[in-house]
Amino acid sequence: MDMPTPVELRRDVLAVTLLDDGVLGQIDIDDDGAHARCHTSTIVITWDELAVAADISPSGVSGADIRRRIARWMRLRILLASWASTLSYDYANHVISRVRPRALPADHSLHPGASWLVTRVLGGSTHSGLALRGFNDDGLPDSESAGLLPIKLLEFAKLPLEPAVARAQQYVQDMAELAVDRHRHDSSAVLRSLGDADVPTLLTSPLYRHTLLDDQGMRSAAVPSRHRGWLDLGMLDPAFAVSAAALTDSDERGYTRPILITADEIAMVKPGGNIIGQSLDQPAGPQP
């Protein structure tokens, strides 16, 4: 699919500004782009930048998801411009100190597109990017969250990319080491988040994956929620991974199908069959 035409992009940006009762509702739109007031100055988010934010190149992206991407981008862009004007010399360090890692299933509805992607884990199921501590996935203040931060937004905000990526990578490493220690104390425990690193994010660490394998070549897992996962599906109802994912809020959802973990890859099993029907036809036997 081609990049959005100016008419389509204008329509989506206009919808975002008209429906928002916060800072986006104060934005003015003209032929140059979106003009946002920031303290005593005004920043211009050009149409080219907004096209990067929208990124409708993958097929199947809904209009609602595109508008959400645009709204997130503009809120964070205004936030960073505000910090730049008030923090002056300490601006970059302040932003980088809040950068966190974040991984999403490749088909996740929250995925911001190419503007966010930093790395792909082998296996094709998992993409990794950045997040910003203190804000949710819509770019709104939330002290308990670390929300999606498109890496290309940092370019437009004139921030260095390498320190931000290094900060995220170090955070994954630190949390993975703690998760490894937790697993070694109780290898039967539920996989769960640690700090600002949820389960898919922890799984991007080769160290963590190697530890989970316990000298096996591959292990299966169900991670229907970002914050919970279970190893060895032979011990679970076959329909659990699919059903639990379907019942989880879309933003908090993890992998919609079981995954296979190796030292180098995270692969999601291919769709097909009637796993729920099979589970109902062949219920689990009595406990020994």
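It is to be established whether one or more residues within segment 160-177 are over 16 Å from the mean Cα position of the chain (by Cα) and not in a helix (DSSP H, G or I). Yes, segment 160-177 contains a residue that is over 16 Å from the mean Cα position of the chain (by Cα) and not in a helix (DSSP H, G or I).
Take the conditions (1) touching a residue at least 24 places away in the same chain (Cβ under 8 Å); (2) more than 26 Å from the chain's Cα centre (by Cα); L87 misses just one of them, which is (1). In the set D181, D215, which member is in the same structural domain as A263 (by TED's automatic domain parsing) and over 25 Å from M268 (Cβ atoms)? Being in the same structural domain as A263 (by TED's automatic domain parsing) and over 25 Å from M268 (Cβ atoms) holds for just one of D181, D215, which is D181.
Please determine whether any residue of segment 216-224 is within 25 Å of A131 (Cα to Cα), in a loop (DSSP other than H, G, I, E, B) and of a type outside the set (F, W, Y). Among the residues of segment 216-224, not one is within 25 Å of A131 (Cα to Cα), in a loop (DSSP other than H, G, I, E, B) and of a type outside the set (F, W, Y), which makes the answer no. Out of all the residues in segment 132-139, is one or more crowded, with 18+ Cβ neighbours inside 10 Å, assigned to a helix (DSSP H, G or I) and in contact (Cβ under 8 Å) with a residue 40 or more places away in the chain? Checking segment 132-139: not a single residue is crowded, with 18+ Cβ neighbours inside 10 Å, assigned to a helix (DSSP H, G or I) and in contact (Cβ under 8 Å) with a residue 40 or more places away in the chain. Is there a residue in segment 97-106 that is part of a loop (DSSP other than H, G, I, E, B), outside the structural domain of P271 (by TED's automatic domain parsing) and of a type in the set (A, V, I, L, M)? Checked against the condition, which is being part of a loop (DSSP other than H, G, I, E, B), outside the structural domain of P271 (by TED's automatic domain parsing) and of a type in the set (A, V, I, L, M), segment 97-106 yields at least one hit.
Of all residues in segment 237-260, those satisfying the criterion of being in contact with a Lys or Arg (Cβ under 6 Å, 6 or more places away or on another chain) and part of a loop (DSSP other than H, G, I, E, B) are E252, G254.
Take segment 17-36 and flag every residue that is in contact with a strand residue (DSSP E or B) (Cβ under 9 Å, 6 or more places away or on another chain), surrounded by 14 or more Cβ atoms within 10 Å (Cβ to Cβ) and not small (G, A, S). Those that are in contact with a strand residue (DSSP E or B) (Cβ under 9 Å, 6 or more places away or on another chain), surrounded by 14 or more Cβ atoms within 10 Å (Cβ to Cβ) and not small (G, A, S): T17, V23, L24, I27, I29, H35. Being part of a helix (DSSP H, G or I), out of contact with any Phe, Trp or Tyr (no Cβ under 9 Å at 6 or more places or on another chain), among the β-branched types (V, I, T) and more than 28 Å from L194 (Cα to Cα) is a property that holds for I70. Within segment 58-93, restricting attention to residues that are loosely packed, with under 13 Cβ neighbours inside 10 Å and closer than 28 Å to P163 by Cβ, which residue is modelled with the highest pLDDT? Among those residues, the one meeting the criterion is N93. Among the conditions (1) of a type in the set (A, V, I, L, M); (2) assigned to a loop (DSSP other than H, G, I, E, B); (3) modelled with pLDDT of 90 or more, L202 misses just one, which is (2).
The values are calculated or read from the model by the stated rules, or taken from the named source; none is laboratory data. Computed from a predicted structure; not experimentally measured. Positions of Cβ are generated from backbone atoms using ideal geometry, with glycine treated the same way; all protein chains shown enter the neighbour counts.
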